[in-house]
1. Would you point out the residue of region 20-69, among those that are assigned to a strand (DSSP E or B) and aliphatic (A, V, I, L, M), that is farthest from the chain's Cα centre (by Cα)?
2. I'd like to verify a number: residues in region 6-19 that are surrounded by fewer than 22 Cβ atoms within 10 Å (Cβ to Cβ), under 14 Å from the mean Cα position of the chain (by Cα) and closer than 15 Å to S70 by Cβ, how many?
3. Conditions first: (1) closer than 23 Å to A215 by Cβ; (2) out of contact with any helix residue (DSSP H, G or I) (no Cβ under 7 Å at 6 or more places or on another chain); (3) open to solvent by less than 10 Å² (accessible area, probe 1.4 Å); (4) not small (G, A, S). L43 passes all but one, so which condition is the exception?
4. Select, from V63, V53, the only residue that is surrounded by 15 or more Cβ atoms within 10 Å (Cβ to Cβ) and in contact with a strand residue (DSSP E or B) (Cβ under 6 Å, 6 or more places away or on another chain).
5. Mind telling me which of the residues V150, V76, V122 ends up being aliphatic (A, V, I, L, M) and at pLDDT below 95?
6. Consider region 30-52. How many of its residues are at pLDDT below 95 and either in contact with a Gly (Cβ under 9 Å, 6 or more places away or on another chain) or among the charged types (D, E, K, R) (or both)?
7. Which residue is nearest to L178 (Cα to Cα), if the candidates are limited to region 85-113 and must be among the aliphatic types (A, V, I, L, M) and surrounded by fewer than 16 Cβ atoms within 10 Å (Cβ to Cβ)?
8. Which residues, taken from region 114-126, are open to solvent by 10 Å² or more (accessible area, probe 1.4 Å) and hydrophobic (A, V, I, L, M, F, W, C)?
Amino acid sequence: MSRDKLELIRKSAPSVLPSLLLCDFGDLKGELARLEDAGAEVLHLDVMDGNFVGNLTYGMPIVEGIRRHSDLPMDVHLMITDPLAYAKPMVDAGADLLTFHVEAVDDIAAVAAQIREMGVGVGVALNPETPLSAIEPCLDIVDLALVMSVKAGFGGQKFNPVALDKLRSLKQSHPKLLLEIDGGIDATTIGPAREAGCDLFVVGSAIFKKDDYKAAISVLDDAIAGVAE
């Protein structure tokens, strides 16, 4: 089923992915309904362990809770030191796409292959200071590359344009690979990211700090649509 959800993610592109880190967890069911009504097609979850990154977020119970109340594909970003230790529990909880950080593992191709065997989509992420060469060994076996435009771990950081150069390079070298960007994405940065070849745009503040989610997503969609093919 999760590989089927991966195809839904592919078909949604170009797509805005609300990052649930900033949602109201006291009304999670209500937030999911608002996002679906606003036209969201894929949900993005940032899992942080307080070790690989300084922040600490949520684990499998939240993923399970979201899955109970939504059929939307779940794109789970593992900002954790040992992604393989939690990959299977996350899949069992309902994750459809698992993305791990190249900086967190020694053998990225082996980690990607093991996650793929779990029947879900697999992605590899890299921070702004990490060169593209670091993820090259696994690009032919992953479904997605997540280019961070801020250092993983905290929201509200300034967009780093080095991500655009990486997206352009990846689009040229691996045109069929799904490309995702995360960090500082709003109505001013989403257009340049799309122009650089990005398919999936993780958005936090530009949605959740607005009163009207539908209007917020519409503004972002319009900015994507304004980029010439």
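The values are calculated or read from the model by the stated rules, or taken from the named source; none is laboratory data. None of these values were measured; they are calculated from a predicted model. No Cβ is skipped: glycine too gets one built from the backbone with ideal geometry, and neighbour counts run over all protein chains shown. Only protein heavy atoms, including side chains, enter the accessible area calculation; ligands, DNA and RNA are left aside. Shrake-Rupley method; radii C 1.70, N 1.55, O 1.52, S 1.80 Å.
1. Once the filter is applied, the top-ranked residue is L56.
2. 1
3. Every listed condition holds for L43 apart from (2).
4. V53
5. V150
6. Counting residues in region 30-52 that are at pLDDT below 95 and either in contact with a Gly (Cβ under 9 Å, 6 or more places away or on another chain) or among the charged types (D, E, K, R) (or both) gives 5.
7. A113
8. Scanning region 114-126 gives a single hit, M118.
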